[in-house]
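Some notes on the structure that comes next.
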Amino acid sequence: MASRAGPRAAGTDGSDFQHRERVAVHYQMSVTLKSEIKKLIYVHLVIWLLLVAKMSVGHLRLLSHDQVAMPYQWEYPYLLSIVPSLLGLLSFPRNNISYLVLSMISMGLFSIAPLIYGSMEMFPAAQQLYRHGKAYRFLFGFSAVSVMYLVLVLAVQVHAWQLYYSKKLLDSWFTSTQEKKRK
C-alpha cells in the first residue's frame, strides 16, 4: 500500500496500474448522457416557462394586445411537452428503461408534433411578413411570427438532441442489462 506522504512501495516503479479494475464504458457513458439530458431538460424548462408566461399574459390581458398577441394554436398542446421531460428525469435514479422509452415516445407526440404543426400554422403569417413586410401579431414590438419561429427552431434542436442522447442512453442501459443476464 502506498501512502500519500511516504515512499513508494518497494519493487514498483508506478507502471503496474494496468491490472487495476476500471469503470465499465457503458457506466461512464450513462453518467455522461444523463448529465447532457438533464442540461437539455433545463433548457426545455426555460422555454416552457417563457411560453407559459407569454400565454398567461395574452389570456389574462395583463398587457395590451399590441404588446403581447394571443397564443397560436400549437402552443396549447406544446404545454404537455413537460410530461416527457419529467418522465425522463424519473427514469434516471434507477435506470428505468420503461420510463425512458415512454419519455421518448411521448416526446414525439407532445413535443415534436406540436412544433411541426406550429411551423405549418405560422407559415402563412411568415410568408406575409417576408413578401409584404406586414405583421399583424406583435410581441413587445417585434413580429410575433419571427419571435415564435426562433423559439420553435430552438425547441426543435433541444428536443432532437434530447431524443438522440436518450437513444444512446437506452442503448447503454441495454448493454449493461445484457451483460448482467450473461453472468
Margin query: Being in a helix (DSSP H, G or I) and open to solvent by less than 30 Å² (accessible area, probe 1.4 Å): is that true of Ser56 here?
Written below: no
Next item on the list: Starting from residues that are modelled with pLDDT of 65 or more and of a type in the set (S, T, N, Q), keep the ones in segment 1-35 and report whichever is least open to solvent (accessible area, probe 1.4 Å).
Entry: Ser30
Margin query: Against the conditions (1) open to solvent by 70 Å² or more (accessible area, probe 1.4 Å); (2) modelled with pLDDT under 95; (3) part of a helix (DSSP H, G or I), where does Lys38 fall short? Just the number, please.
Written below: (2)
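Yes/no matrix, rows are residues, columns are (1) on the phi < 0 side of the Ramachandran plot; (2) without any contact (Cβ under 8 Å) to a residue 12 or more places away in the chain; (3) of a type in the set (Val, Ile, Thr):
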site	(1), (2), (3)
Tyr99	yes, no, no
Ile116	yes, yes, yes
Pro124	yes, yes, no
Phe142	yes, yes, no
Note to self: Being open to solvent by 50 Å² or more (accessible area, probe 1.4 Å), out of contact with any Asp or Glu (no Cβ under 8 Å at 6 or more places or on another chain) and among the polar types (S, T, N, Q) is the filter here; which residues of segment 61-82 pass it?
What the structure shows: Ser64, Gln67
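The values are calculated or read from the model by the stated rules, or taken from the named source; none is laboratory data. None of these values were measured; they are calculated from a predicted model. Neighbour counts run over all protein chains shown; Cβ positions are idealised from the backbone, glycine included. In case anyone asks, the SASA skips ligands and DNA or RNA and just uses the protein heavy atoms, side chains included. Shrake-Rupley method; radii C 1.70, N 1.55, O 1.52, S 1.80 Å.
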